[in-house]
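> Once you've had a glance at the structure underneath, I'll fire off some questions.
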Amino acid sequence: MTERNPRRWLILGVLCLSLLVVVVDNMVLNIAIPSLIRDLGASTAQIQWIIDAYILVFAGLLLTAGSLSDRHGRRRGLVIGLVVFGGASVLATLCRTPEQLIAARGLMGVGAAFLMPGTLSILTTVFAEDERKKAIAIWSSVLMLGALGGPSLGGLLLEHFWWGSIFLLNVPIAILGILAALAVIPESRGTASRPDLLGALLSMIGMTALVWAVISSAQDGWSSISTLGGFVVAALGLTAFALWERKVAEPMLPLKLFRNRNFAGASLSIVLLSFSAGGVLVALTQYLQFVLGYEPLKAGTAFIPMIVTAMVFNGVGVVVDKRFGTRTALAAGLLLMAGGFGILTSLSPGDGYLKLAFALVVMGMGSGTAGPAAYGTLMSALPPERVGVGSAVNDTVQQVGTALSVAVLGSVLTATYRAAMPTDAADQARDSIGEALRIATATGDAALARAAQDSFVSAIASTSLIGLVGGVVAAVVAVAVLRPSPKGVPDDAAAEPESQLAG
């Protein structure tokens with residue numbers, strides 16, 4: 001059992017502060033899309049790359065960053081991440097072209113790759129098993145607060161300042177996080193081992209190519225050369241990575257971790273949950289602004305019901321986990337998420353905000369209930385020497401799930417929207433609701449605007465079916481794969497020792 005650190009709750013506060021800088025920034029960016037189109041003259045493809053450049057670099061570096069943190073120090077990795085992320089945020093405020101902003105977002109991805117795994121791995125090392133899921137519930141609440149509170153903060157900033165203010169906000173938080181981490185967080189690292197340089201290179205090639213292929217599928221189609229080429233490189237890179245990790249004496253990511261059913265099951269549940277949620281939630285920010293006509297601030301505050309519910313149900317999730325077991329908590333949360341998407345499948349143009357708010361509340365209940373069980377189970381299944389790279393696995397499966405969601409659900413949303421639009425509408429108007437409303441405003445064509453809004457609502461309802469199915473499948477996986485720990489034995493005590501996992 002992990003030794004109790006007398007400053008563990010203060011350390012948790014610093015970790016949560018560090019976590020906020022990443023999650024707030026990413027959700028603020030979604031609200032800023034109309035401002036970037038207007039002020040930077042960014043095209044739809046450039047907007048996509050402003051978002052995707054971060055995801056591409058982040059996902060590609062996560063496993064390597066987690067492994068380096070295990071080897072050289074998790075606090076050091078966290079501080080490096082905050083320095084890079086804060087510095088890249090300063091550069092982002094100085095950008096004058098979409099291309100410059102894409103480069104700055106890529107640099108933010110480097111910082112986040114070190115920062116995100118560090119928060120969860122340090123939490124795991126300073127909290128004992130009996131308190132860990134409670135701490136993860138708080139961590140998860142902050143994750144939800146940042147992810148869904150970001151739009152509210154972003155809307156407030158964009159109403160009074162220019163788009164660069166959303167990045168400038170990161171700088172004081174990053175500075176405060178660096179100082180607090182150096183003052184409060186103890187350094188921790190795994191057992192000394194030789195660096196797995198080839199494993200790191202193969203993981204970066206494989207993961208970057210996979211996310212590239214998924215992103216390309218959304219932009220160029222599933223049969224394009226860039227998409228197919230990306231999947232081929234990803235398959236080759238990840239296969240070579242798996243073969244090398246099985247062969248090398250001191251692997252970066254021991255593949256025997258995935259023989260632990262709790263680790264594998266929690267990972268799969270997280271990726272399915274991320275897949276079902278990511279693309280639909282991005283679409284809802286456009287629904288609020290383009291269909292309901294909300295200003296950025298009002299669009300941000302529209303997510304408050306989900307924030308509050310998720311934070312409350314994080315505590316409920318811990319109680320359910322403790323009383324009825326991890327499988328029950330995780331399955332119940334995933335089914336509630338599916339229920340929220342089920343409500344969205346009945347969304348119609350005349351519904352307004354009330355039905356959306358109801359769906360967000362149900363989804364918040366599900367996310368709050370499932371979060372501590374999923375993250376806690378995954379981290380508890382790890383040996384202490386591997387919590388850094390294990391946390392990186394958690395973040396990686398989330399990013400892959402989200403990237404797949406944005407690509408697959410985005411493609412379904414676009415295709416459904418296009419099919420619902422009048423065939424005599426301009427191609428630009430049939431490709432994007434934003435373009436349709438811009439054309440309608442310029443020409444005074446109220447019928448085109450109404451058709452675009454109705455088509456977009458219909459597309460969200462159809463796409464939500466995938467979220468519904470994804471939530472149900474994830475719940476089934478949780479029940480079928482996860483297994484309770486032996487009575488009286490914590491998960492981390494039952495984990496295989498490092499000597500058995502290392503190749």
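> Here is a list: Leu257, Leu273. Which entry is crowded, with 23+ Cβ neighbours inside 10 Å, in contact (Cβ under 8 Å) with a residue 12 or more places away in the chain and part of a helix (DSSP H, G or I)?
So the residue among Leu257, Leu273 that is crowded, with 23+ Cβ neighbours inside 10 Å, in contact (Cβ under 8 Å) with a residue 12 or more places away in the chain and part of a helix (DSSP H, G or I) is Leu273.
> Just give me the residues in the stretch 7-33 being at pLDDT below 75 and either of a type in the set (D, E, K, R) or surrounded by fewer than 18 Cβ atoms within 10 Å (Cβ to Cβ) (or both), in sequence order.
Matches in the stretch 7-33: Asp25 only.
> Just checking, how many residues over the stretch 285-295 are surrounded by fewer than 17 Cβ atoms within 10 Å (Cβ to Cβ) and free of Cβ contacts under 8 Å to residues at least 40 places away in the same chain?
Residues meeting the conditions: 1.
> Right, another one. Just checking, does the stretch 271-289 include any residue being modelled with pLDDT of 85 or more and assigned by TED's automatic domain parsing to the domain that holds Leu56?
For the stretch 271-289, residues modelled with pLDDT of 85 or more and assigned by TED's automatic domain parsing to the domain that holds Leu56: present.
> Could you say whether any residue in the stretch 481-490 is loosely packed, with under 14 Cβ neighbours inside 10 Å and either in a helix (DSSP H, G or I) or modelled with pLDDT of 75 or more (or both)?
no
For every residue, the table says whether it meets (1) of a type in the set (Asp, Glu); (2) closer than 30 Å to Gly340 by Cα.
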site	(1), (2)
Leu197	no, no
Ser203	no, no
Ala209	no, no
Ile225	no, no
Ala242	no, no
Glu250	yes, no
Lys256	no, no
Phe263	no, yes
Ser267	no, yes
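> Looking at Leu107, Leu61, which one is crowded, with 21+ Cβ neighbours inside 10 Å, in contact (Cβ under 8 Å) with a residue 12 or more places away in the chain and assigned by TED's automatic domain parsing to the domain that holds Pro172?
Exactly one of Leu107, Leu61 is crowded, with 21+ Cβ neighbours inside 10 Å, in contact (Cβ under 8 Å) with a residue 12 or more places away in the chain and assigned by TED's automatic domain parsing to the domain that holds Pro172, namely Leu61.
> Which one of these is aliphatic (A, V, I, L, M) and farther than 29 Å from Gln286 by Cβ: Ile50, Ile80?
The conditions single out Ile80.
> Could you please tell me which pairs satisfy a Cβ distance under 6 Å, a separation of 6+ or placement on different chains, a first residue in the stretch 426-442 that is without any contact (Cβ under 8 Å) to a residue 12 or more places away in the chain, and a second residue that is part of a helix (DSSP H, G or I)?
Gln428/Glu435
> Now, a different point. Looking at the structure I just gave you, is Ser69 touching a Pro at 6+ places or on another chain (Cβ under 8 Å), of a type in the set (Gly, Ala, Ser) and surrounded by fewer than 24 Cβ atoms within 10 Å (Cβ to Cβ)?
Here the answer is no, as Ser69 does not meet what is asked.
The values are calculated or read from the model by the stated rules, or taken from the named source; none is laboratory data. Quick caveat: nothing in here was measured; it's all calculated off a predicted structure. Glycine gets a Cβ as well: all are built from the backbone with ideal geometry, and neighbour counts include every protein chain shown.
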